[in-house]
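The values are calculated or read from the model by the stated rules, or taken from the named source; none is laboratory data. Remember, it's a predicted structure, so these values are computed and weren't measured experimentally. Cβ coordinates were reconstructed from backbone atoms using ideal geometry, including for glycine residues, and neighbour counts include every protein chain displayed. Side chains included, ligands, DNA and RNA excluded: accessible areas come from the protein's heavy atoms. Shrake-Rupley method; radii C 1.70, N 1.55, O 1.52, S 1.80 Å.
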Amino acid sequence: AQSVTQPDIHITVSEGASLELRCNYSYGATPYLFWYVQSPGQGLQLLLKYFSGDTLVQGVKGFEAEFKRSQSSFNLRKPSVHWSDAAEYFCAVGVNTGGFKTIFGAGTRLFVKA
Amino acid sequence: EPEVTQTPSHQVTQMGQEVILRCVPISNHLYFYWYRQILGQKVEFLVSFYNNEISEKSEIFDDQFSVERPDGSNFTLKIRSTKLEDSAMYFCASRALAAYNSPLHFGNGTRLTVT
């Protein structure tokens, strides 16, 4: 069955420090991978997506993610975190099960300390 | 930039009552979805809707749930007889293409509280 695992429930980093949020997926076919961000009281906003080609994809707000097929991973990174990056981050995989649904991980809540 | 809009932002209802959550997807989008997020938990798929019919639904989407696109713009989720465990944030989403590599565009959600 298709699934997405985000092993870290929450992460705290200092402002200006680098960030890596982990994501592993399980899907038998070519994965279509996404990272979304959710600020309190808001819907989910797309940060970046991977379909094919270059395994390092750039997103908005300085985020990037690297697809590693051998590890079934799609980790999100940012070289220098800003206080405004504090939010919940969801990794997701698009699956073709008839309804073209997207399956989400449980999310990682990012806290940024001054 | 066009966006998905949901109303109301917060709905409080008593157990056993019917609720209708409303969504206006982005106008040229083809696929419509409802997801829910119980407080502190993951975002769960409920149902997808395409060409005026349900294309897929999860095990959560039982007979108490229904969806409808009553006109060319609105997309509604009805819960016939609410239960306490239906309390959650409900997100509507739409996508432009009938393809699973097309990203979802989400509304800001409706927080449903069942008392």
**OP:** Check whether at least one residue in the stretch A:19-37 is under 12 Å from A:L110 (Cβ atoms) and small (G, A, S), and report yes or no.
**Re:** no
Original post:
In this structure, is A:G59 within 14 Å of another protein chain (Cβ to nearest Cβ) and open to solvent by 20 Å² or more (accessible area, probe 1.4 Å)?
Top reply: yes
Original post:
Can you tell me which residues in the stretch A:73-87 are open to solvent by 40 Å² or more (accessible area, probe 1.4 Å) and either of a type in the set (S, T, N, Q) or at positive phi (or both)?
Top reply: A:S80, A:S84
Original post:
Pairs under 9 Å by beta carbon, first residue without any contact (Cβ under 8 Å) to a residue 24 or more places away in the chain in the stretch B:72-89, partner open to solvent by 50 Å² or more (accessible area, probe 1.4 Å), six or more apart or different chains?
Top reply: B:G72/B:S27
**OP:** With the checklist (1) in contact (Cβ under 8 Å) with a residue 60 or more places away in the chain; (2) open to solvent by 30 Å² or more (accessible area, probe 1.4 Å); (3) within 22 Å of A:A92 (Cα to Cα) in hand, flag the one item B:V12 doesn't pass.
**Re:** (3)
Original post:
Under 8 Å by Cβ, and 6 or more places apart or on different chains, what pairs join a residue from the stretch A:1-12 that is over 13 Å from A:S73 (Cβ atoms) with one that is outside any loop (DSSP other than H, G, I, E, B) and open to solvent by 60 Å² or more (accessible area, probe 1.4 Å)?
Top reply: A:I9/A:R109; A:H10/A:R109; A:H10/A:F111; A:I11/A:R109; A:I11/A:F111; A:T12/A:F111; A:T12/A:K113
Subject >> Selected residue [within 12 Å of chain B (Cβ to nearest Cβ), surrounded by 14 or more Cβ atoms within 10 Å (Cβ to Cβ) and modelled with pLDDT of 95 or more] from A:F100, A:F90, A:F34 >> reply: A:F90
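Yes/no matrix, rows are residues, columns are (1) among the aliphatic types (A, V, I, L, M); (2) touching a strand residue (DSSP E or B) at 6+ places or on another chain (Cβ under 6 Å); (3) farther than 25 Å from A:Y32 by Cβ:
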{"residue": "B:N51", "(1), (2), (3)": "no, no, no"}
{"residue": "B:D63", "(1), (2), (3)": "no, no, yes"}
{"residue": "B:S66", "(1), (2), (3)": "no, yes, yes"}
{"residue": "B:L84", "(1), (2), (3)": "yes, yes, yes"}
{"residue": "B:H105", "(1), (2), (3)": "no, yes, no"}
**OP:** Could you pull out every one of the strands (runs of 3 or more DSSP E) wholly within the stretch B:24-115 that has 1 or more residues that are more than 11 Å from the chain's Cα centre (by Cα) and at the interface with another protein chain (Cβ under 8 Å from one of its Cβ atoms)?
**Re:** B:31-37, B:43-50, B:53-57, B:88-95
Subject >> Near pairs, Cβ below 7 angstrom, 6+ apart or cross-chain, from the stretch B:34-62 (open to solvent by less than 10 Å² (accessible area, probe 1.4 Å) and at pLDDT 90 or above) to any residue that is of a type in the set (A, V, I, L, M) and part of a loop (DSSP other than H, G, I, E, B) >> reply: B:L46/B:I60
Original post:
Is there a residue in the stretch B:76-86 that is buried (at least 17 other Cβ atoms within 10 Å of the Cβ), farther than 28 Å from A:H10 by Cα and of a type in the set (G, A, S)?
Top reply: no
**OP:** Go through the residues of the stretch B:46-53 one by one and say whether even a single one is among the β-branched types (V, I, T), under 21 Å from B:H10 (Cβ atoms) and touching a Lys or Arg at 6+ places or on another chain (Cβ under 7 Å).
**Re:** no
**OP:** Please indicate, with yes or no, whether at least one residue in the stretch A:1-22 is open to solvent by less than 40 Å² (accessible area, probe 1.4 Å), under 23 Å from B:F91 (Cα atoms) and touching a Lys or Arg at 6+ places or on another chain (Cβ under 7 Å).
**Re:** yes
